[in-house]
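**Student:** Encoded as structure tokens, here's the structure I'll be asking about.
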Amino acid sequence: MIDLEFIKQAPKIELHAHLNGCVRKETLQQFALEKNLQLDFSCFDRKDNDGQFHVFGIISQTIKTLPDFRRITREMLEDFKHQNVIYLEIRTTPKECENGCFTMEEYVNTILEVIKDHNQQKDQTMQVRLLLSIDRGRSQEHAQKVMNLILKMHKEQPYIVGLDLSGNPEKNSFQDFIKYFQQCKSLNIKTTLHAAVIDGQKVIDETLEMIEFQPDRVGHFNFFNKQLHDRIIEKKIPIELCPTSNFFTKGLKDMSEHHFKDFFYQGHLVSLSTDDTGVFDTDSTQEHQKIIRAFNLNKEQFKQLLINSSKMVFDAQLKEYLQQNINQYFETQQGQPN
Ligand code: 6MZ
């Protein structure tokens, strides 16, 4: 068995973490108190798909101002660094204040400032990048604004590395938003799509369309039939798995039922991420530990998993740095028992 400390110290890669879903619960409660909001936090105990979206409602009522967003970004970076994550991609849906007190661009700039300050610190071991998310539960007007922002910002802001499709999977469809992702593709902006999050024939059909579109990565991929399984492998589309989140969404009884097993052993690229550390009460170490335990992975397999994750990062310039770090960590541990 690989022990917990070995997993914690290992240089890890986080590719799927939503900023507002990673808020610390204490911070959220403090914000609610300061703003005098009477909110029912009991939905935090319900982690199925409906429960998650209830929680996101509470989060969006509570985290409101630019100083709030600055603080949760700073804390998120601290939390991931504490788990020895060496590469972190944050994703967020750009927000604006209803009465015009800040624009979407100011929201993104606030987060970018924290990221820049962090990345540019001397001897910084964790590099952070940002993806913008289109929320499929919202309007075309909102999606178009996110698109305009990414078109404007991606050239001058190298830390913005891609576009994500997320939000409530019951709302709208991929076809409603495909044009934005096609546009990104034509401009060499990386894309990732939440795919097959929930079950059902509609989702199966949509997921096939997503695979045929060929994004750079997909997130979750919880529900699939043989056709989807074979096609995603054929198309070599890497999958961002989020074990705890997937466990609750799929209603698994044991982590050994997780679909990690359907891809990792065939050499298909997968990585392990947290999704929403605040909502799922998790961190990068725990996500890796759960899979290592469930499938009894040895150190060689753990290393392979991290190397595979490094091949999935959207900032390709950092791949070599990440792989050096991973190789070095496992070399210095050679000779030690599994
Ligand atoms: C789909 C999710 C998600 O963008 O406000 N989000 N969308 N599926 C999930 N898990 C299975 N977890 C988080 O962060 C919170 C937002 O991220 C999306 C939801 O739209 C949520 O409101 P930001 O920073």
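The values are calculated or read from the model by the stated rules, or taken from the named source; none is laboratory data. These numbers come from a predicted model, not from an experiment. Cβ: placed from backbone, ideal geometry, glycine included. Neighbour counts: every protein chain shown.
**Student:** Please indicate, with yes or no, whether at least one residue in the stretch 63-75 is among the aliphatic types (A, V, I, L, M), over 17 Å from the mean Cα position of the chain (by Cα), within 17 Å of residue 27 (Cα to Cα) and within 12 Å of the ligand (Cβ to nearest atom).
**Tutor:** yes
**Student:** Residue 27 - would you say it is of a type in the set (S, T, N, Q) and closer than 24 Å to residue 137 by Cα?
**Tutor:** Judged against the criteria, residue 27 is not a match.
**Student:** Being assigned by TED's automatic domain parsing to the domain that holds residue 275, crowded, with 19+ Cβ neighbours inside 10 Å, within 13 Å of the ligand (Cβ to nearest atom) and closer than 30 Å to residue 329 by Cβ narrows it down to one of 128, 218, so name that one. Give the derivation first.
**Tutor:** On the way: 128 fails: within 13 Å of the ligand (Cβ to nearest atom).
Result of the check over 128, 218: 218.
**Student:** Separate question: Please find, among 205, 123, the residue that is modelled with pLDDT under 95 and assigned by TED's automatic domain parsing to the domain that holds residue 318. Can you show your working first?
**Tutor:** Values: 205 fails: modelled with pLDDT under 95.
After ruling out the rest, the residue left standing is 123.
**Student:** Something else now. Could you tell me which numbered condition residue 29 fails, if it satisfies all but one of (1) in contact (Cβ under 8 Å) with a residue 12 or more places away in the chain; (2) within 16 Å of the ligand (Cβ to nearest atom)?
**Tutor:** (2)
**Student:** Note down all Cβ pairs under 6 Å where the first residue falls in the stretch 205-218 and is of a type outside the set (Lys, Arg), the second is surrounded by fewer than 18 Cβ atoms within 10 Å (Cβ to Cβ) and in a helix (DSSP H, G or I), and they're at least six residues apart or on different chains.
**Tutor:** 211/231
**Student:** Name the residue that is surrounded by the most Cβ atoms within 10 Å (Cβ to Cβ), counting only residues in the stretch 246-280 that are of a type in the set (Gly, Ala, Ser) and more than 11 Å from the chain's Cα centre (by Cα).
**Tutor:** Per the criteria, the residue is 278.
**Student:** Hey, another quick one. Which one of the conditions (1) touching a residue at least 24 places away in the same chain (Cβ under 8 Å); (2) within 25 Å of residue 313 (Cα to Cα); (3) of a type in the set (Lys, Arg); (4) not in a strand (DSSP E or B) does residue 138 fail to meet, given that it meets all the rest?
**Tutor:** (2)
**Student:** Looking for whichever is under 26 Å from residue 316 (Cα atoms), within 14 Å of the ligand (Cβ to nearest atom) and either acidic (Asp, Glu) or surrounded by fewer than 20 Cβ atoms within 10 Å (Cβ to Cβ) (or both) here; the options are 123, 164. Which one fits?
**Tutor:** 164
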